[in-house]
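Working notes for the structure below.
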Amino acid sequence: MDNTYSKLEEENERLRKENEALIAAHKDTLSRLQKRLTVEEDLKESQERFVTVFNESKVANKIINLDLKMIQLNEALGDLLGYSREELLETCILEYTHPDFIKYWYDLHEALWKRELPSFQLEACLIRKDKREVWCLVNTIRFKDKGETFGYTSLVDITGRKQLERHKDEFISTISHELKTPLTSIKSYSQLLLRYFQKLEDEKPRLMLSKMDAKVNSLTTLIKDLVMASKIDSGKLTPRSDEYMLDSLLTEIVEEFKDTVTTRRIVLETEKGLKTKGDKFKIAQVIENLLTNAIKFSGEGTEVEVKLTKMENEGIVCIKDRGRGIAESSLTNIFERFYKVKEAESNQESGMGLGLYICKEIVKNQQGRLWVDSEVGKGSTFCFALPLLA
Ligand code: ADP
């Protein structure tokens, strides 16, 4: 009897424990369910917030799939292009893009899908339903949703800014051309007068005329820079394409500089037989510009080192000075239009901050690269690389 009683007690205890465990498990499931519900509610709220922002935004928005088809878009995009949302849905933005930008934009998408880029930005011209052009700043990022890849794009209308830029470029181009003609006459007269006064005893007018001639030369360079910059900006930089020896071109220019610049030691070191293809005259302008800067921004008696080396299938030209160098904060901006380092603004010899911008654009235009290494107080090394012919 005792035995049966204790067995029943044991069984009772086991059942009680089991019951407790069941209650705990039930509570746990309940709390997990509650947590999931809150997460789902948060998710729903955040999705709703995104949809509201996406739809109501004044900025044109779209979501595209891997085929570049618009699977979601807002009213602002419809307004931008002059179509209804329904008309645009399931079509591709490249159908409304100016032919000049289709390939570039398509290639950026390819790079985005291949994960070569996490996002991209471009300025492109689109064609509205009424055939008017509209310029946009386009930003696209890649994202994943339920294992699938999509792209989110915002398009900001920059037509007004583009028009202003065009007016400014036309203005600069007209002014520069108008200035060039009288300047050429002034130059010829000053040279005639110089020759005339050279025959006379009096030194003074000759000295004054030489100074005037030098000023006319720097004014001519400034105007040339302005013309070149406006050509670059309007996409009218059409380079010649000839085969030439990069080492011979460099040697020629350096020799000319050595003849005229006696205040710096210009040292040339070059590999021979490096043939390239492109616009020799524009590359000459780049070398002259970099050499002029190296001289302008370094002290008398210092060395300027010019080096041409071959690396894989590129010719690399480096111009190293031991001048004042460039602060790190300026290095990223130095190739921008009209950018001048603060100290240089007080330097009478400095130009308009167009030289390096022009150099970079010319080199880029010839499939090359241009860069700089610099340390304040130690000097700068400007290098550019051009593809070589075998
Ligand atoms: P600028 O014609 O006014 O000299 P650049 O575009 O050639 O314009 O140069 C922009 C700025 O970069 C200059 O104002 C100068 O401060 C700086 N810079 C260019 N080259 C050098 C150099 N070799 N050493 C130091 N500073 C330089």
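Looking at the range 225-310, what strands (runs of 3 or more DSSP E) fall wholly within it and have at least 2 residues that are open to solvent by less than 20 Å² (accessible area, probe 1.4 Å)?
275-278
Looking only at the range 215-243, how many residues end up being without any contact (Cβ under 8 Å) to a residue 40 or more places away in the chain, more than 16 Å from the ligand (Cβ to nearest atom) and more than 24 Å from Gln163 (Cα to Cα)?
Qualifying residue count for the region: 3.
From Glu95, Glu148, Glu165, which residue is open to solvent by 50 Å² or more (accessible area, probe 1.4 Å) and without any contact (Cβ under 8 Å) to a residue 60 or more places away in the chain?
Step by step, each of Glu95, Glu148, Glu165 is checked, and only Glu95 is open to solvent by 50 Å² or more (accessible area, probe 1.4 Å) and without any contact (Cβ under 8 Å) to a residue 60 or more places away in the chain.
Please go through the range 327-354 and give me each residue that is within 8 Å of the ligand (Cβ to nearest atom), open to solvent by 20 Å² or more (accessible area, probe 1.4 Å) and modelled with pLDDT of 90 or more, ordered by number.
Phe335
Filter the range 355-383 for residues that are buried (at least 21 other Cβ atoms within 10 Å of the Cβ) and either more than 13 Å from the ligand (Cβ to nearest atom) or in a loop (DSSP other than H, G, I, E, B) (or both) and give the result.
Scanning the range 355-383 gives Val363, Gly368.
Please work out if Glu203 is at pLDDT below 95 and of a type in the set (Asp, Glu).
yes
For residues that are open to solvent by 40 Å² or more (accessible area, probe 1.4 Å) and either closer than 19 Å to Val59 by Cβ or in contact with a Gly (Cβ under 7 Å, 6 or more places away or on another chain) (or both), tally how many sit in the range 110-132.
6
Among the candidates Glu300, Glu312, which residue alone is modelled with pLDDT under 95 and either under 21 Å from Lys275 (Cα atoms) or not assigned by TED's automatic domain parsing to the domain that holds Glu252 (or both)?
Of Glu300, Glu312, the one residue that is modelled with pLDDT under 95 and either under 21 Å from Lys275 (Cα atoms) or not assigned by TED's automatic domain parsing to the domain that holds Glu252 (or both) is Glu312.
The values are calculated or read from the model by the stated rules, or taken from the named source; none is laboratory data. Please read all numbers here as calculations on a predicted model, not as lab measurements. As a convention, Cβ positions derive from the backbone with ideal geometry for all residues, glycine included, and neighbour counts pool all protein chains shown. Side chains included, ligands, DNA and RNA excluded: accessible areas come from the protein's heavy atoms. Shrake-Rupley method; radii C 1.70, N 1.55, O 1.52, S 1.80 Å.
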